[in-house]
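Worksheet for the structure shown next.
The values are calculated or read from the model by the stated rules, or taken from the named source; none is laboratory data. A quick note: this is a predicted structure, and the numbers were derived from the prediction, not measured. Glycine gets a Cβ as well: all are built from the backbone with ideal geometry, and neighbour counts include every protein chain shown. For the accessible areas, the whole protein counts, side chains as well, though only heavy atoms, and no ligand, DNA or RNA atoms are used. Shrake-Rupley method; radii C 1.70, N 1.55, O 1.52, S 1.80 Å.
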Amino acid sequence: MSLLPRTADEFSSADYWERFFRKRGEKAFEWYGDYNSLCGVLHKYIKPREKVLVVGCGNSELSEQLYDVGYRHLTNIDISETVVSQMSQRNARRRPDLTFQQVDATQMCYESSSYQAALDKGTLDAMASEEEGTLASRMLAEVGRVLAAGGRYVCVTLAQEDVIRLAVEHFAGAGWAVRIHCLNQHGGDADPSAFALPIFVLVCTKFRQPPPFAVLEMCQGEDGAPSRLATVPELLARVKERQAYALMLQKMRGGTDASSTPSLTLCHASMGHARYTLTVQDSPPSAKVPPANHFAIFIVPQGHESDWLYGSAEGRAQLASGAKFRRLIVVAMHRDQEYADMAAVQAELSPMVMELAPPGMPPNQQVPFLSVGGDLGWREVVARGVSGLTGEYSVEDVRGEDGHLYRRLVFMNNTQLVQSESRLQSSAAASTAHKKRSKKKPKPSASDASACRVKGQSVDRGFLCCTHHEVMVAGLSLLGTEVISDRDVLVSVLVVGLGGGGLPQFVRDFVPGAQVEVVELDPAVLDVAKTWFGLQTDDRLKVVLGDGLEHIRALQSQGEHSYDVIMFDVDSKDPTLGMSCPPPAFVETSLLEKVCKLLTPRGVFMLNLVCRDSVLRKSVLERLHTVFSTVFSRPIEGEVNEVLLCSRAGGQGDKSSAVPKELPQAAKSLQGTLQKQGHTALGNPQIDISAMLKDLRVA
């Protein structure tokens, strides 16, 4: 028997409800929750002594149950003559003072300010489904008219987006206080096929004089502390978050799915600040999981949420495989939040994460909390700022799993990506390295020396944190042994994309003949690199502020410049493209041709490519092959990155199909040159050139 509307328009049709109640007969219609699930919040806002208007009562038992616990001033109205007749007859003897009247809620006959409360269970949802919400708007206006100052409109609703927006905007615009309670309809052992959406109770309070500011609040549960929101869109966003969470819970109760990794953010109840991000990782059905290992929680060390193992789907799958649980919840802690210790985090998370348990887990099952080394890790934000191009950023020090301290630049619009990273060393070690400098070389100024140091730490310029940077340095071997081994040979390098400056600084410091020019679009990035990552510009390392694309076009049109090496290490700000590095314009054929013309005959073009779209990657490689005689690829293990090394040597007609035989000797020569330069400058560069070129192959 069809009981729910087949179309949205039927939902507000008087004829539909007339047919519905005839078919339903005497059975109560409680799909918006019964008295037991609603009584807590209803008693909080509606008092027994008050005069209450029940709008669109239907054949719900709610009014009868309220009457039985002492509410004797209830006036029930409905547009259906059938239901009014049924309810009047049903209550004539047992509840003689319970009144039922056939009244159109959009044009009520009651005097203004004659009621202290109005109770609506699903009527707003029915009326708002009518085109453009005309009926609902008229009903809300009538409710506002008949309520006295201090009166409350208490509406039980599913909070469909258009419905809740209509009501909230109506009452907030009239200067009423608006509060929304989210009531969980089902417990953790609920039938996964049951109705998933939570029930909301909208409470709008009429003021005698509207306050000078909006009063908008959200509460979890009937007794949850209210969280104050500044705008209507923020309040509506909280509602959508709760609905999405309920749907996610229903899906996860239905079974495990290793291909789906839903995530959610838990916020501070009263402040609203993001505190934890939880990602669900299920093991595939084929995984060998011990029978007792149903569920576990893994706490990511602070500052490591963007590491491949925790921040990528592939990494989390590997983590879950190693943990050997049916379901693993990966928990990342947010910056700007304080966490006492593992016990405190466990106590805070336990009530919420148990809702995410896999189906079939035995009751009272012990759920382990896992971590690296048993602690929460460590992170300290050392600087904040705002880029006019990229927005807010954070410079923060974290402790690595190897025990070293690392400095990271993170942009807040993509907190899962570390923009730049450098390892820190003690200032004593840095001072010893500086003393090894030649007396003819200028010493760093006091501002330079202090800029990259915080609490006795400075940037270790001999250590490259990113493997793709190490591969780019190793790619200098393609210039040939003679160029690398001769300290008097000038090696001109153009780098597009500065970041923290670790790559160009390393080349300048440890390649004796290097002249490095960097193009960076964002002035804020240059300031961060100098202030917090120890970048020191001089006559051998210069930074030009500007658009890398325009800079290359200008250089090529001038025809006065050539480079032995051109490196592209610039990311895309559009995450929807399938290629996060570089932006598509940097690999257009016309620009690649200009890059090739800017190279010396021995020159090498190096591209950091991060592309998840196999079709797009193939297209990029095809374009590179049309321009360069040789294209080598070096994949980065455990990451999406690969470094493409492209050479123009041999001309367009001489396409190379193998790695040069002399490359191992050139790599050995480069290693020796770096080590020798390191002993006379900043300590030993910590890079294995041969290892970086071991997996080099023709693309």
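The table that follows gives values for the structure above.
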| item | result |
| --- | --- |
| Strands (runs of 3 or more DSSP E) contained in region 566-651 and holding at least 1 residues over 24 Å from ARG553 (Cα atoms) | 599-611, 630-635, 641-647 |
| Candidate set from region 548-571 (those that are among the charged types (D, E, K, R) and in contact with a Lys or Arg (Cβ under 9 Å, 6 or more places away or on another chain)); member that is most open to solvent (accessible area, probe 1.4 Å) | ARG553 |
| Residue, nearest to MET252 (Cα to Cα), within region 299-350, restricted to residues that are surrounded by fewer than 16 Cβ atoms within 10 Å (Cβ to Cβ) and among the charged types (D, E, K, R) | LYS324 |
| Qualifying strands (runs of 3 or more DSSP E) (wholly inside region 304-419; at least 3 residues being closer than 26 Å to ASP569 by Cα) | 379-387, 391-399, 405-411 |
| Selection within region 111-134 - more than 19 Å from ARG49 (Cα to Cα) and open to solvent by less than 50 Å² (accessible area, probe 1.4 Å) | LYS121, GLY122, THR123, LEU124, ASP125, ALA126, MET127, ALA128, SER129, GLY133 |
| Selection from region 499-521 of residues that are closer than 24 Å to ALA554 by Cβ and open to solvent by less than 10 Å² (accessible area, probe 1.4 Å) | GLY501, LEU503, PRO504, VAL507, ALA514, VAL516, VAL518, VAL519 |
| Number of the exception - SER80 against (1) within 23 Å of VAL146 (Cα to Cα); (2) at pLDDT 95 or above; (3) hydroxyl-bearing (Ser, Thr, Tyr) | (2) |
| Residues located in region 594-624, provided they are open to solvent by 10 Å² or more (accessible area, probe 1.4 Å) and among the polar types (S, T, N, Q) | THR600, SER614, SER619 |
| Scan of region 41-62 for residues that are open to solvent by less than 40 Å² (accessible area, probe 1.4 Å) and in a loop (DSSP other than H, G, I, E, B), ordered by number | ILE46, GLU50, GLY56, CYS57, GLY58, ASN59, SER60 |
| Those strands (runs of 3 or more DSSP E) lying entirely in region 63-123 with at least 1 residues free of Cβ contacts under 8 Å to residues at least 40 places away in the same chain | 74-78, 99-102 |
| Those residues of region 538-579 which are within 30 Å of the chain's Cα centre (by Cα), over 16 Å from VAL495 (Cβ atoms) and in contact (Cβ under 8 Å) with a residue 40 or more places away in the chain, in sequence order | LYS573, PRO575, MET579 |
| Region 230-263 - residue that is not in a helix (DSSP H, G or I) and not polar (S, T, N, Q) and, of those, farthest from ILE297 (Cα to Cα) | ALA230 |
| Some residue of region 267-290 being assigned to a loop (DSSP other than H, G, I, E, B), hydrophobic (A, V, I, L, M, F, W, C) and modelled with pLDDT of 85 or more | yes |
